[in-house]
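The values are calculated or read from the model by the stated rules, or taken from the named source; none is laboratory data. Being a predicted model, the structure only gives us computed values, none of them experimental. Using ideal geometry, Cβ is built from the backbone for each residue, glycine included, and neighbour counts are taken over all protein chains shown. The accessibility values were calculated without ligands, DNA or RNA, using every heavy atom of the protein model including side chains. Shrake-Rupley method; radii C 1.70, N 1.55, O 1.52, S 1.80 Å.
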Amino acid sequence: MDRVRWIREESSSTGRTATSKNGRAGGGRPFPACTPVAFMPPCAFPTGRIHCVHRSSPRVSLRKSHLSMCTASATSPSTTPPAAPASADAPYVRALQRCRSRVRAPFCCPGHHTNAQRLPTALRQLLSGDPATHPLEVDFAELPELDSLYGSAGVLKEAQERAAQLYGAARSWFLVNGSTGGILAAMMALASRASVSNAPLLVQRNCHRSVFHGLVLTGLSPVYLAPEYDAAHDLVHGVSVSEVERALDAHADAAGVLLTSPTYHGMVCDVQTVARLCHARGVPLVVDEAHGAHLGLHSALPRSAIQLGADVVVQSTHKTLTAMTQASMLHVAAASCVDAERIAQALQLMGTTSPNALLMASLDATVDMLRDEQRREDWFERALQLAHGARQRVPVPSLRSDDPTRLTLLLPPQVDGYRLDERLIERHGVYMEMPARRHSTFIVTGANEADHVEALAEALHESLRSAEVRADVVAPDTSSDTWLGAFREHRSVMTPREAYLAPHQNRPLRDAAGAVAAATVCTYPPGIPLMVPGERISLEAVAFLQQTIASGGNVTGLVADNTAVPVLSV
């Protein structure tokens with residue numbers, strides 16, 4: 001491995017000199033070997049600054065006031081890297097390589113669907129504009145030229161202001177740890193304005209698990225809002241205005257209201273009316289719009305929650321647009337009840353101190369594309385046309401979603417959605433966003449192509465005739481194996497925070513009914529908890545999870561190879 005010479009710059013009457021070797025600087029203080037990165041920012045020391053630049057780096061000083069540069073000495077005359085082994089023993093890398101070759105028709109996150117030709121021009125040029133360029137060559141830390149995510153005053157400040165202008169927000173932040181980070185920060189801001197530490201928070205019961213994790217972190221007490229339910233297709237939607245109004249009347253001291261809109265299936269709440277109800281009482285409204293970063297950007301789409309009066313809106317830009325996975329945004333409205341500075345402080349608390357430059361670049365490039373009226377129109381027209389074409393081509397009916405780019409197929413009772421998902425992947429390379437026992441959901445974006453829709457239609461026609469997708473039980477569903485039945489009763493014994501911090505033990509899932517949950521357990525996707533810390537576990541939730549596991553669905557939060565659940569110790 002190359003050795004890197006360290007240069008120490010000292011201010012004195014005789015000038016700036018003093019070099020060292022073998023990892024020692026100046027007066028003999030040892031320093032660790034240099035990591036071979038493209039740049040390393042100056043590290044401040046009492047007597048000067050240390051610069052370290054790898055030999056392959058461009059010879060550019062990071063500080064105009066410090067122009068000294070260093071070169072690296074090699075341990076051997078050859079600079080040719082060693083030959084790579086025939087096959088690396090890296091299981092995750094191998095899996096990525098397999099996915100890259102087998103995905104034929106993607107209808108899942110991220111919204112760019114790995115289609116480089118549909119990426120924003122700025123991002124495409126950054127990643128591959130020069131054939132000699134590799135993405136790692138722009139994988140920088142927070143260099144001086146690149147600003148600071150949590151103290152932006154330069155290019156990131158400008159980029160985030162452009163995002164705020166696009167969405168009609170007073171202030172916007174780039175998020176690099178998904179919408180989860182934004183949800184947690186928003187909930188911390190709500191808790192900071194509450195009159196008591198365990199103030200009630202009105203929460204949609206079918207919200208994402210990150211909300212329940214926020215309840216653990218903040219100590220707020222959940223007041224659950226029951227969602228509307230489509231019993232014919234076992235679909236849980238948003239909450240009604242009357243449900244929110246009832247809860248507001250009963251809890252005048254609420255720290256806030258937190259809704260999910262749109263849902264995984266593309267159904268939106270009446271955010272505008274709910275916002276009016278909240279603001280009339282001085283209660284802030286936070287909307288988890290993770291699946292709606294594209295809303296409000298085309299006349300055929302529902303309006304965004306930030307346009308409809310929500311105080312804080314969190315969006316997963318990577319889910320339906322062209323940002324890279326994890327890249328998201330948080331928006332605060334001009335007349336928000338929530339202090340933007342509290343949001344900024346909470347984001348620093350919840351966010352990484354090493355934000356990925358590529359994620360932030362993908363957000364900036366996405367905003368750049370969407371600010372161009374023609375490019376924005378082309379992106380959404382393609383998505384709308386392909387979604388319409390898919391509805392016409394598939395052999396089963398679909399849900400009439402508020403979001404026309406979200407395709408949820410309503411499966412016949414003899415078909416198991418999890419088994420259908422497995423066959424679509426294994427036999428056809430078709431990937432959906434979310435399988436469930438009685439329905440299958442697909443995300444259509446401007447990155448899809450006509451041949452993706454063709455592949456989907458052909459795969460469904462073939463697969464739905466296969467015995468491999470047949471459900472074991474075709475009898476009518478009961479409340480024990482439906483979504484609503486799994487969390488119909490909210491039997492809270494204590495707050496999620498109290499339960500999470502209390503002593504707990506693992507209990508076999510089959511014997512868990514009646515115990516108090518100590519962890520969040522949910523099928524994933526969609527990540528809606530069936531068991532929540534502090535709630536007494538129902539027979540229905542146990543039956544639903546057992547059926548999901550038996551069908552091949554993914555469950556998070558269980559332990560011991562999905563056989564046990566953490567519960568409060570007795």
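Annotations
- Screening the candidates S336, S304 for the property of being under 16 Å from A189 (Cα atoms), part of a loop (DSSP other than H, G, I, E, B) and in contact (Cβ under 8 Å) with a residue 60 or more places away in the chain yields one hit, S336.
- Only a single item in (1) closer than 26 Å to L277 by Cα; (2) open to solvent by less than 20 Å² (accessible area, probe 1.4 Å) is not met by E341, and it is number (2).
- When the residues of region 197-224 are filtered to those that are open to solvent by less than 70 Å² (accessible area, probe 1.4 Å) and assigned to a loop (DSSP other than H, G, I, E, B), the one that is farthest from V271 (Cα to Cα) is G219.
- Of residues in region 255-286 being assigned to a strand (DSSP E or B), among the hydrophobic types (A, V, I, L, M, F, W, C) and touching a residue at least 60 places away in the same chain (Cβ under 8 Å), the one surrounded by the fewest Cβ atoms within 10 Å (Cβ to Cβ): L258
- Complete set of residues in region 491-517 that are within 27 Å of the chain's Cα centre (by Cα) and open to solvent by 70 Å² or more (accessible area, probe 1.4 Å): R497, E498, Y500, L501
- Test result for R303, in contact with a Ser or Thr (Cβ under 8 Å, 6 or more places away or on another chain) and charged (D, E, K, R): no
- Against the numbered list (1) of a type in the set (V, I, T); (2) in a loop (DSSP other than H, G, I, E, B); (3) buried (at least 21 other Cβ atoms within 10 Å of the Cβ); (4) over 23 Å from the mean Cα position of the chain (by Cα), T445 comes up short only at (4).
- Among the residues here, R118 qualifies as under 27 Å from T445 (Cα atoms), under 22 Å from the mean Cα position of the chain (by Cα) and basic (K, R).
- Residue among Q385, Q348 that is open to solvent by 50 Å² or more (accessible area, probe 1.4 Å), free of Cβ contacts under 8 Å to residues at least 60 places away in the same chain, part of a helix (DSSP H, G or I) and of a type in the set (S, T, N, Q): Q385
- Members of region 170-196 found to be part of a strand (DSSP E or B) and surrounded by 24 or more Cβ atoms within 10 Å (Cβ to Cβ), listed by number: S172, W173, F174, L175
- Scanning region 298-305 for any residue that is among the hydroxyl-bearing types (S, T, Y), under 15 Å from the mean Cα position of the chain (by Cα) and modelled with pLDDT of 95 or more turns up nothing.
- Region 102-114, residues that are more than 18 Å from A361 (Cβ to Cβ) and in a loop (DSSP other than H, G, I, E, B): V103, R104, F107, C108, C109, H113
- Sub-9 Å Cβ pairs linking a first residue in region 450-471 that is among the hydroxyl-bearing types (S, T, Y) to a second residue that is open to solvent by 60 Å² or more (accessible area, probe 1.4 Å), at least 6 apart or interchain, are S463/R427; S466/R427, ordered by first then second residue.
- Hey, V314 closer than 29 Å to L127 by Cβ, modelled with pLDDT of 95 or more and assigned to a strand (DSSP E or B) or not: yes
- Residues that are over 21 Å from V196 (Cα atoms), open to solvent by 30 Å² or more (accessible area, probe 1.4 Å) and touching a Gly at 6+ places or on another chain (Cβ under 6 Å) are absent from region 225-235.
- Criterion violated by T405 - all others in (1) of a type outside the set (D, E); (2) within 20 Å of R465 (Cβ to Cβ); (3) crowded, with 17+ Cβ neighbours inside 10 Å satisfied: (2)
- Qualifying position, being closer than 30 Å to V367 by Cβ, surrounded by fewer than 23 Cβ atoms within 10 Å (Cβ to Cβ), acidic (D, E) and modelled with pLDDT of 95 or more, among E161, E243: E161
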